[in-house]
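Engineer: Take a look at the following structure, please.
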Amino acid sequence: MIIVMSPEATEDQLAHLVEVIEGAGLKAHVSRGTERTIVGAIGNEAKIQQVPFMAIPGVESCMPIVKPYKLAGREFNKEKTKIKIRDIEIGGKEVVVVGGPCSVEPNDTLIQTARAIKKAGAKMLRGGAFKPRTSPYDFMGMAEDGLKLLADAREETGLAVVTEVMDTRDVELVYKYADAFQIGTRNAQNFNLLKEVGKYDKPVFLKRGMSMLIKEFLMAAEYVISQGNNDVIMVERGIRTFETATRNTLDVAAVAVLGVETHLPVFVDPSHAAGDHRFVNALSRASVACGCDGLLVEVHPNPEKAMSDGAQTLKFSKFEQLMDEIRPVAEAVGRSV
Ligand code: PEP
Ligand code: MN
């Protein structure tokens, strides 16, 4: 930890700080500049975290030296992590596209969509069987019946499936049917849920919380990895800003930042970012150009009739167009689709 003393700090205050640091079993390194004094607290990270430096008189600011996200951080693994889901490689040269309806519905939407997206070049199928809805009166998903439909669609098309898990009590059930877990934006800091999926050996698509800083997003990944599951895919899905023209603001810069800060693969969900089908293809092109490892896109045979998120959902022809549009962009940045 780097601790900056205020210009008015006294020698006694400095001596007290050094005492506190050493009392915590750490080493204090005092560096006296012309204007201010900087103190380095060096040693065991857990012990450093326990010292309330800002509460010590004379301390103006402090900055951690070591990034708090150790396992998720690039320092931990210089190589980019590649994740296998069935025969798909995530984090490799190919930009992997995941498509499907927002919700698994009690009709043939899912299987129709699975066939169409597969034909267009998607590698995975998405669909929520447990839906986190803002209103308690909205459709909540089909639960296990929905998971069965996902498994049936995989059986027929060979597409791997990813679906959201919202509750620690459902992790076992979702694990039984899906190839990967999805943690939604609303649960991105549900630490018990993060720890629970961290105990399983299936990849986790971790959505960014809608008000999450990138460092908090990385700490959420750290929760999963700390339990033994290294296969986390970071999903930028738009954040809340003052702008209301789109449902969320796609933080395309997060893709670039995460590419530097973490070895984990980074996906973009342009559908929840845009909230409007008219902008999904443009945001997809931008995301691929920025270097994302994949896209998570909502697709439905008839978005008008979709049971959730119809406004941002692509019909099949628009999805085919998306695939055609991202191919040259991927090639331009040394990737393929
Ligand atoms: C979803 O993928 O349908 C979903 C609810 O996403 P998010 O958690 O990003 O809102
Ligand atoms: Mn949705």
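The values are calculated or read from the model by the stated rules, or taken from the named source; none is laboratory data. As the structure is a computational prediction, the values presented were derived from the model and not from experiment. Here the Cβ is made from the backbone with ideal geometry for all residues, glycine too, and neighbour counts use every protein chain on show. The protein model used for the area step is the full one, side chains on, heavy atoms only, and it has no ligands, DNA or RNA in it. Shrake-Rupley method; radii C 1.70, N 1.55, O 1.52, S 1.80 Å.
Engineer: Quick one: which residue in VAL288, VAL266, VAL280, VAL255 is within 16 Å of ligand 1 (Cβ to nearest atom) and either touching a residue at least 40 places away in the same chain (Cβ under 8 Å) or open to solvent by 30 Å² or more (accessible area, probe 1.4 Å) (or both)?
Structural biologist: Result of the check over VAL288, VAL266, VAL280, VAL255: VAL280.
Engineer: Now for a different question. Hey, any hits in the range 39-51 for a residue that's more than 23 Å from ALA221 (Cβ to Cβ) and in the same structural domain as VAL204 (by TED's automatic domain parsing)?
Structural biologist: no
Engineer: Turning to a different aspect of this structure: Within the range 117-145, how many residues are open to solvent by less than 10 Å² (accessible area, probe 1.4 Å), within 22 Å of the chain's Cα centre (by Cα) and more than 12 Å from ligand 2 (Cβ to nearest atom)?
Structural biologist: 4
Engineer: Can I ask one more? If you go through the range 1-28, how many residues are surrounded by 14 or more Cβ atoms within 10 Å (Cβ to Cβ), out of contact with any Ser or Thr (no Cβ under 6 Å at 6 or more places or on another chain) and in a strand (DSSP E or B)?
Structural biologist: 3
Engineer: Now for a separate question. Can you tell me which residues in the range 98-150 are out of contact with any Leu (no Cβ under 7 Å at 6 or more places or on another chain) and acidic (Asp, Glu)?
Structural biologist: Selection gives GLU105, ASP108, ASP138, ASP145.
Engineer: Let me ask something additional. Any idea which of (1) in the same structural domain as HIS300 (by TED's automatic domain parsing); (2) in contact with a helix residue (DSSP H, G or I) (Cβ under 6 Å, 6 or more places away or on another chain) is the one GLN112 doesn't satisfy?
Structural biologist: Exception for GLN112: condition (2).
Engineer: Mind listing just one residue for me: the one in the range 164-177 that is open to solvent by less than 20 Å² (accessible area, probe 1.4 Å) and in contact with a helix residue (DSSP H, G or I) (Cβ under 6 Å, 6 or more places away or on another chain) and, of those, farthest from GLY209 (Cα to Cα)?
Structural biologist: VAL171
Engineer: Working only within the range 12-41, note down all residues that are of a type in the set (A, V, I, L, M), under 14 Å from MET1 (Cβ atoms) and without any contact (Cβ under 8 Å) to a residue 40 or more places away in the chain.
Structural biologist: As a first pass, look at the range 12-41 and keep what is of a type in the set (A, V, I, L, M): 14-15, 17-18, 20-21, 24, 26, 28, 30, 38-39, 41.
Cutting the leftovers down to under 14 Å from MET1 (Cβ atoms) gives us 17-18, 20-21, 24, 26, 28, 30, 38-39, 41.
Those that are of a type in the set (A, V, I, L, M), under 14 Å from MET1 (Cβ atoms) and without any contact (Cβ under 8 Å) to a residue 40 or more places away in the chain: VAL18, VAL20, ILE21, ALA24, LEU26, ALA28, VAL30, ILE38, VAL39.
Engineer: How about the range 181-208: which of its residues are over 19 Å from ASP293 (Cα atoms) and open to solvent by less than 10 Å² (accessible area, probe 1.4 Å)?
Structural biologist: ALA188, LEU193, LEU194, VAL197, GLY198
Engineer: Considering each of PRO101, PRO132, PRO136 in turn, give the residue that is over 24 Å from ALA273 (Cβ atoms) and either of a type in the set (A, V, I, L, M) or within 16 Å of ligand 1 (Cβ to nearest atom) (or both).
Structural biologist: None of the other options fit; the residue is PRO136.
Engineer: Another question about this same structure. For ILE239, indicate whether it is more than 12 Å from ligand 1 (Cβ to nearest atom) and either of a type outside the set (Lys, Arg) or touching a residue at least 12 places away in the same chain (Cβ under 8 Å) (or both).
Structural biologist: Working: more than 12 Å from ligand 1 (Cβ to nearest atom): no; either of a type outside the set (Lys, Arg) or touching a residue at least 12 places away in the same chain (Cβ under 8 Å) (or both): yes.
Judged against the criteria, ILE239 is not a match.
Engineer: Considering only residues of the range 291-311 that are more than 15 Å from ligand 2 (Cβ to nearest atom) and not charged (D, E, K, R), which is surrounded by the fewest Cβ atoms within 10 Å (Cβ to Cβ)?
Structural biologist: Among those that are more than 15 Å from ligand 2 (Cβ to nearest atom) and not charged (D, E, K, R), it is ASN302.
Engineer: Looking at the range 96-116, which of its residues are away from ligand 2 (no atom under 13 Å from the Cβ), more than 15 Å from GLU156 (Cβ to Cβ) and open to solvent by less than 10 Å² (accessible area, probe 1.4 Å)?
Structural biologist: Across the range 96-116, the qualifying residues are VAL96, VAL97.
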